[in-house]
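Okay, so here's the structure we're looking at.
Derivation of every value follows stated rules applied to the coordinates shown; laboratory data play no part. Here the structure is a predicted model, which is why all the values come from computation and not from measurement. Don't worry about glycine lacking a Cβ; one is built from the backbone with ideal geometry, like all the others, and counts go over all protein chains shown.
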Amino acid sequence: MKKTLIALGLCLSCSLSPNTLFAANVVLKCGASIDVDAERLTGPRTYYISDGRIADNLESAAAASQTIDLSDFTCLPGLIDMHVHLTSQSSPRSYIEGFTKNTADYAFRAASYAKVTLEAGFTTVRNLGDDGTVTKSLRDAVSQGLLPGPRIFTSGKSLATTGGHADPTNGHRADLMGDPHAKDGVINGADEARKAVRQRYKEGANLIKITATGGVLSTAKSGQNPQFMDDELEAIIAAAKDYGFKVAAHAHGAEGMKRAIRAGIDSVEHGTLMDDEVRRLMKKNGTYLVPTILAGEFVAEKAKIDGYFPEIVRPKAAAIGPQLKDNFKKAVEAGVKIAFGTDSGVSAHGDNAQEFKLMVDNGMTAMQAIVSATKNAADLLDETENLGSLTNGKYADIVAVKGNPLEDISLLENISFVMKGGEVFKQ
């Protein structure tokens with residue numbers, strides 16, 4: 001048994017080493033660089049990296065143990081996806097697997113999805129909803145260097161109301177529905193709302209996610225009705241502030257968005273059916289939109305396939321998905337703050353960068369799209385001291401692509417080089 005464990009340990013170490021290069025001090029030479037603060041493409045740039053951060057060039061150059069030549073590439077800050085679900089990936093089997101898979105099954109899948117996400121150039125992600133344990137453990141394993149993956153900020157279990165989007169017992173037969181409460185992320189009333197936030201703190205979450213309206217993929221009729229009362233939202237926000245949490249609100253319908261924005265949420269996820277009043281409220285309150293156009297495209301396409309979704313889900317997917325693009329255009333025109341997000345796990349992990357072209361095709365400039373996945377995303381995370389630009393003192397999260405993504409944003413779908421925290425994971 002001891003020999004088996006030793007062999008397994010050696011095998012796991014070998015699986016990481018070919019794709020991961022470690023060096024304490026690195027000189028990185030880029031042919032061009034995207035400065036997201038000045039919003040411009042620079043000429044050749046050299047970055048000096050020490051102990052995982054972009055550092056003072058003279059001090060780092062003197063102690064450099066490795067030089068990486070990317071003179072034929074354009075360098076960008078590591079990309080940030082503000083809405084992923086690392087524990088799952090949509091398929092016609094997704095609904096039945098809720099009854100047949102164990103937490104360990106989802107953990108192994110999440111590790112695989114984390115790796116492909118990192119290799120796609122996304123060095124940081126915000127995971128918005130799981131069973132409350134898997135992505136917390138994955139976050140910690142990645143931060144300890146046990147597994148390759150992006151830096152993870154997780155909400156743990158999303159907060160829902162009884163029967164609402166993210167009630168884990170929706171669609172179950174009557175004897176399996178039970179009556180989940182705050183510990184399970186299902187609340188009714190202000191007291192339970194506060195308890196649910198505190199439970200997420202106890203479990204080690206980084207932020208709070210609520211499902212302010214119905215959802216497309218939940219086995220429930222409405223995809224847009226408001227699902228929290230004002231006093232519940234106010235209790236969630238007040239408790240979240242006490243614990244230093246930001247709050248992200250899944251929302252498709254306008255009324256649910258308005259309630260959540262007035263209560264003080266930090267971001268609207270999807271924003272499918274927002275109206276002019278929602279956009280005015282978002283601008284007034286500085287609320288971010290995380291658009292997830294890719295998810296809308298994906299579910300609309302799959303809704304055409306018999307049997308891919310349950311019949312109660314299919315009409316919602318067909319109707320709501322395409323409307324994401326229209327309201328994204330209006331949000332861009334209105335000057336709403338936007339942070340990049342894909343809802344990956346609905347669409348395939350690793351395809352995250354396809355969102356960029358959808359953003360550009362629907363009203364953004366290429367630079368605005370890149371800023372949304374770097375500087376803006378770091379701001380929404382409250383991590384501007386560490387992430388979001390290639391600036392001295394920040395983490396050395398650097399990706400590179402052949403060509404100029406400002407001329408062809410789809411180039412970001414083929415990232416050639418990935419460094420996270422000074423470690424090379426793809427070259």
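Would you pull out the residues with amide H under 5 Å of residue 373's amide H, same chain only if 5 or more places away, H placed 1.01 Å from N?
340
How about the stretch 254-331: which trypsin sites (Lys or Arg not before Pro) there are in a DSSP loop, with at most 12 other Cβ atoms within 10 Å of their Cβ?
When the trypsin sites (Lys or Arg not before Pro) of the stretch 254-331 are filtered for loop state and at most 12 Cβ neighbours within 10 Å, 304 remain.
Identify which of 344, 158, 71 has the largest mean-square fluctuation in a Gaussian network model of the chain, with springs joining Cα atoms closer than 10 Å.
Taking springs between Cα atoms under 10 Å, the residue moving most is 71.
Taking a label point 7 Å from the Cα of residue 348 along the Cα→Cβ vector, which residues of the stretch 94-117 have an amide N closer than 16 Å to it?
It comes to 112-117, nothing else.
Please give every one of the lysines within straight-line cross-link reach of residue 316, meaning a C-alpha to C-alpha distance under 17 Å, and leave out same-chain neighbours fewer than 8 residues apart.
Cα-Cα hits under 17 Å: 221, 302, 304, 325.
Which one, 296, 215, 363, has the greatest fluctuation when you compute a Gaussian network model over the chain with C-alpha springs under 10 angstrom?
Residue with maximal mean-square fluctuation among 296, 215, 363: 363.
Once R0 is set to 22 Å, what does the formula 1/(1 + (r/R0)^6) return for the Cβ-Cβ distance between residue 104 and residue 143, expressed as a FRET efficiency to the nearest 0.05?
The pair residue 104/residue 143 has a calculated efficiency of 0.60.
Quick check for you: which residues of the stretch 28-59 have the amide N under 20 Å from the point 7 Å beyond the Cα of residue 386 toward its beta carbon?
49-56
Just to be sure I understand: with springs between alpha-carbon atoms less than 10 Å apart, which residue in 38, 120, 377 has the highest mean-square fluctuation in the Gaussian network model of the chain?
Comparing 38, 120, 377 in a Gaussian network model of the chain, the most mobile one is 38.
Which aspartates and glutamates does residue 426 reach when only Cα atoms under 13 Å apart count, and residues fewer than 8 places away in its own chain are ignored?
119, 397
Provide the net charge surrounding residue 403, with neighbours chosen by a C-beta distance below 13 Å and charges set as Lys +1, Arg +1, Asp -1, Glu -1.
-3
Lys and Arg at +1, Asp and Glu at -1: add these up for the other residues within a Cβ distance under 12 Å of residue 234 and post the number.
Summing Lys and Arg as +1 and Asp and Glu as -1 gives +1.
Give the longest segment of the chain that steers clear of GluC sites (Glu not before Pro) in DSSP loops with at most 15 neighbouring Cβ atoms within 10 Å, not counting the sites themselves.
Counting only loop sites that pass the neighbour cut-off, the longest clear stretch is 40-310.
Specify the longest stretch of the chain that does not include any exposed loop site, a site being one of the chymotrypsin sites (Phe, Trp or Tyr not before Pro) with a non-H, G, I, E, B DSSP assignment and at most 16 other Cβ atoms within 10 Å.
Longest run free of exposed loop sites: 23-242.
Mind jotting down the three principal axis lengths of the stretch 50-149 based on Cα atoms? Whole angstrom, largest first.
On the principal axes, the stretch 50-149 reaches 57, 28, 19 Å in Cα extent.
Test of understanding: ordering 274, 82, 367 by Cβ neighbours within 10 Å, fewest first, what list do you get?
By the 10 Å Cβ count, ascending, the order reads 367, 274, 82.
What does DSSP give for the chain in terms of the percent of beta bridges that are antiparallel, rounded to the nearest 5?
Roughly 45 percent of the beta bridges in the chain run antiparallel, per DSSP.
Under the 0.36 nm per residue contour assumption, what length would be gained going from the current alpha-carbon distance of residue 333 and residue 201 to full extension?
Gain in length upon complete extension: 43.8 nm.
If r is the Cβ-Cβ distance from residue 243 to residue 188 and R0 is 30 Å, what FRET efficiency results, to the nearest 0.05?
According to the calculation, E is roughly 0.90.
Compute the signed sum of charges (Lys and Arg +1, Asp and Glu -1) over the other residues within less than 10 Å, Cβ to Cβ, of residue 392.
Net charge in that neighbourhood comes out at +1.
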